[in-house]
Structures are given as C-alpha cells and as structure tokens.
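Note sheet for the following structure.
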Amino acid sequence: MLKKIISFILIFTLIYTIITEDIAYADNFDLKSKSAILMDASTGKVLYEKNSHEELPPASVTKVMTMLLVMEALDSGKIKTTDKVVTSEHAFDMGGTQIYLEVGEEMTVDDLLKSVAMNSANDASVALAEYISGSEEKFVEEMNKRAKELGAKNTNFKNASGLPEKDHYTSVYDIALISRELVKHKGIFKYLTDKIDSVRNGKFSLANTNKLLWRYQGADGIKTGSTSEALYCLSATAKRGDTRFIAVIFGAPDSNTRFKEASKLLDYGFANFETKKVVEAGKIYGTVKVLKGEQDYINAVANTDEYVLLKKGEAKNIKQEIIINKYVEAPIKVGAKIGTIKIYDGNNLIKTVSLTSNQNVKKSNIFDNLRKVYKSWIEKN
C-alpha cells in the first residue's frame, strides 16, 4: 500500500512539473510594478504577464500609438519627414515635457518625431497629430480606431501625449500589441535608438529618456512615461539575432524599478527562448508551369517573413514541407495562391504559409502560341 502511495505521489509530481514548467518562473519575479508583460514580437506569444489587461493610465507611453500613426502616415506617403509643420496655439499650450514650440514656429516632421521619441515632447506630439488629422480630436479618434483594429480591448485614448485626463487608459497587453506593430516600421528605429541629439540647428538638446539604450544589450526602444497618477511606465524592446521581445511595465514605484523589471523580463526571454525564421519574404520556393499563358513558368514566393518561437535548443526539430501546384492556368494575378509551406515541430504541424505568384501572367493569344512553337522548334534543331 505504501509503495502505491509513493508511486502515486511521484507520478502526480511529474505531471504537475510538466504542466507548470512554462509558468513556474512567474512566481520568481516578484515584480513591484502594478502590471507587466513579456511578449515575443514576431509571434505575439505572451511569455509572462501580471495584471496584463488591467486598465491603467499610461502617461507618455501613450506616444507609442502616436508614433505608430505617424509612421503609417510616412510609409503610406501621406506625409514626408521634410514637411514643415506650423505650431498651433493648442500645441503651444501643452504642459509637461516640451521642446517649447512657439505659436507659428515651423519645424520638420523629422525633428518633431525625434522630439517625441527621445524627449517625450507633448507639444511636438500634438503638432504632429494636428498635421496628420487636422485636429488632435480627430487624431485621437484614429488612435482608438487603430487600437481596436490591433485587438486592444482595454484602451481608450483621450489625447495624443499621455497627459493626465479622465478616461485615458490602456493596459500593458494592449501597449505590447501596439508596440509590436510599431517595430514593424524599420524607419522608427532611427528615432528610438538616438541617444543624444538636438533640434533648432543644435540650439535645443535632446537626451533619450530610455536608459536601457545604455544599459541593456540589444535594447533599441521604445518609450518611457511617468505622472503622479500613472507612476513610472515603460514599453521596452530588445533584439538579439532574429529574436525580439517586448516588455511593458506600468505603475512602477520609481524610475529605476521600471528599467530593472523590464530588464528582468527581457533576460528571461533571451535565456529561455529563441525566434527562428522559417519563411523568408520574397524568396523563390519553386516554379509552377503555366498553361495557356504568355509565359511558361511562374515563381512561387512568400509574401512575409514568418517566425516560430521555440525553447532554446529546439530549433533542430523544425522541418519544412514545400507543396507547389504542378500547373496553373492563365490568366494569373500577383498574389494568387500557387503553393503552401508547412512547418513542423517534429511531427506536429505548427504553421501553414501560402506561396503566391510574384507576377501577373496574361492568357496567351494565337501569336504567343505560334512564337512558343517556333522557339521550341529552334531549340530542338
């Protein structure tokens, strides 16, 4: 009987250990911050969370969303970095951290975005918001709309700067989602990683408020924030190799704690996990024969980079199966699905990626067909 009890205890302990292996670390962090999260940037997988959906004031971490809308406006061609923005009275009236814009002063989008990213300038945030949407109110509507599109369910922005305002809140999970979208815009890192700079031809100095840029290996963003209500907040990201993590901290009791606890989360991520690129955007994974087309073959490509998050040392288990159509019939449009890549972890299918045509192919006419017959005859003879 005693042997059976001991055996049962051992089996139960083994099962419990396996089940709790991935979450046991959470009890060891003992974070002082009100809420925190660690997210893999490539896959969106959450590796640690504490009160991750609690609605809290984000202070200037709000500007992660402001910068995202600015980058989307830049990348879409709606605005340019060289555009000159005229300061309104509303932007001039902003309190808190500023670059002290004067009413009517002109400053480029480039300098304003630099001031937001590095110096957390509230007046620069509002000036950009007004330039993109016509008014801060309209810009805030776009902020909330974009947040919902990204899956942020516990967010309600009331301004573009993060200054204290009733019903202005978000969560660390939602900020992680927004941060993940922001870092897809490679151009933002020019601003996020700049440690010391200036505007107004060197007359006004800027120093990046994100101290992890000096302290943490691979750190390259994103945004700090603090008010008496929000306490000390941070959205931090770091990249080593193909692996990028995002750590968000809300409600830290002091500035040093937010950096220390973000570092602790990032350390956990890099020590235990790695991101492996399994599909490369634009790479040709095969060719497909085209029937009745102006050309005989078309390339099968992937549209986006695809990653999987793995525990350290498990990358060797990843396998790839490429399945391509034997033929397709013209006409074919760019983006038409013509194959599939299946990604396996051992024998388990973990991801399926579509392969598509990288060009248009029109249906052949009689002259195309005669040209093909003639070309074939020449090659044979």
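Here Glu21 passes the criteria (1) modelled with pLDDT under 95; (2) open to solvent by less than 50 Å² (accessible area, probe 1.4 Å) except the one numbered (2).
What is the residue count in the stretch 211-239 for residues that are of a type in the set (Ser, Thr, Tyr) and over 18 Å from the mean Cα position of the chain (by Cα)?
Of the residues in the stretch 211-239, the ones of a type in the set (Ser, Thr, Tyr) are 216, 224, 226-228, 232, 235, 237.
If we keep only those that are over 18 Å from the mean Cα position of the chain (by Cα) as well, we get 216, 226-228, 232.
Selection size over the stretch 211-239: 5.
Specify which of the listed residues (Asp220, Asp194) is in the same structural domain as Ala236 (by the TED database) and part of a strand (DSSP E or B).
Numbers: Asp194 fails: part of a strand (DSSP E or B).
Of Asp220, Asp194, the one residue that is in the same structural domain as Ala236 (by the TED database) and part of a strand (DSSP E or B) is Asp220.
For the stretch 309-364, enumerate the residues that are of a type in the set (Gly, Ala, Ser) and farther than 29 Å from Lys239 by Cα. Write out each step before concluding.
Looking only at the stretch 309-364, we keep the residues that are of a type in the set (Gly, Ala, Ser), and these are 313, 315, 330, 335-336, 339, 346, 354, 357, 364.
Ala330, Gly335, Ala336, Gly339, Ser357, Ser364 - these are the residues of the stretch 309-364 that are of a type in the set (Gly, Ala, Ser) and farther than 29 Å from Lys239 by Cα.
Of all residues in the stretch 176-192, none are over 30 Å from Val301 (Cα atoms), of a type in the set (S, T, N, Q) and surrounded by 14 or more Cβ atoms within 10 Å (Cβ to Cβ). The set of residues in the stretch 317-343 that are out of contact with any Leu (no Cβ under 9 Å at 6 or more places or on another chain) and open to solvent by 80 Å² or more (accessible area, probe 1.4 Å) comprises Lys319, Gln320, Lys326, Pro331, Lys333, Val334.
Within the stretch 286-302, residues that are aromatic (Phe, Trp, Tyr) sit with their Cβ atoms under 7 Å from residues that are open to solvent by 10 Å² or more (accessible area, probe 1.4 Å), at 6+ positions apart or across chains, in these pairs: Tyr297/Thr287; Tyr297/Lys289. Within the stretch 311-319, identify whether any single residue is part of a strand (DSSP E or B) and within 16 Å of Asp242 (Cα to Cα), and answer yes or no. Yes.
Name the residue that is nearest to Ala176 (Cα to Cα), counting only residues in the stretch 131-149 that are outside any loop (DSSP other than H, G, I, E, B) and open to solvent by less than 40 Å² (accessible area, probe 1.4 Å). Only one residue fits best here, namely Ala147.
Table: residues versus (1) in a strand (DSSP E or B); (2) closer than 30 Å to Ala230 by Cα; (3) in the same structural domain as Tyr344 (by the TED database).
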| residue | (1), (2), (3) |
| --- | --- |
| Arg258 | no, yes, no |
| Glu261 | no, yes, no |
| Leu266 | no, yes, no |
| Phe270 | no, yes, no |
| Tyr285 | yes, no, yes |
| Val290 | yes, no, yes |
| Ile298 | yes, no, yes |
| Asn303 | no, no, yes |
| Val308 | yes, no, yes |
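Within the stretch 286-342, the set of residues being closer than 30 Å to Tyr268 by Cβ, touching a strand residue (DSSP E or B) at 6+ places or on another chain (Cβ under 7 Å) and charged (D, E, K, R) comprises Asp305, Glu306, Lys311, Lys312, Lys319. Annotation: Ala152 fulfils all but one of (1) surrounded by fewer than 18 Cβ atoms within 10 Å (Cβ to Cβ); (2) touching a Phe, Trp or Tyr at 6+ places or on another chain (Cβ under 9 Å); (3) in a loop (DSSP other than H, G, I, E, B); the unmet one is (1).
Condition first: assigned to a strand (DSSP E or B) and in contact with a Ser or Thr (Cβ under 9 Å, 6 or more places away or on another chain). Can you find one or more residues in the stretch 173-185 that meet it?
Taking the stretch 173-185 as the starting set, the residues that turn out to be assigned to a strand (DSSP E or B) are none.
For the stretch 173-185, residues assigned to a strand (DSSP E or B) and in contact with a Ser or Thr (Cβ under 9 Å, 6 or more places away or on another chain): absent.
The values are calculated or read from the model by the stated rules, or taken from the named source; none is laboratory data. Owing to the predicted nature of the structure, the values given are computational and were not obtained by experimental measurement. Here the Cβ is made from the backbone with ideal geometry for all residues, glycine too, and neighbour counts use every protein chain on show. Accessible surface is based on the protein model in full, side chains and every heavy atom, while ligands, DNA and RNA are left aside. Shrake-Rupley method; radii C 1.70, N 1.55, O 1.52, S 1.80 Å.
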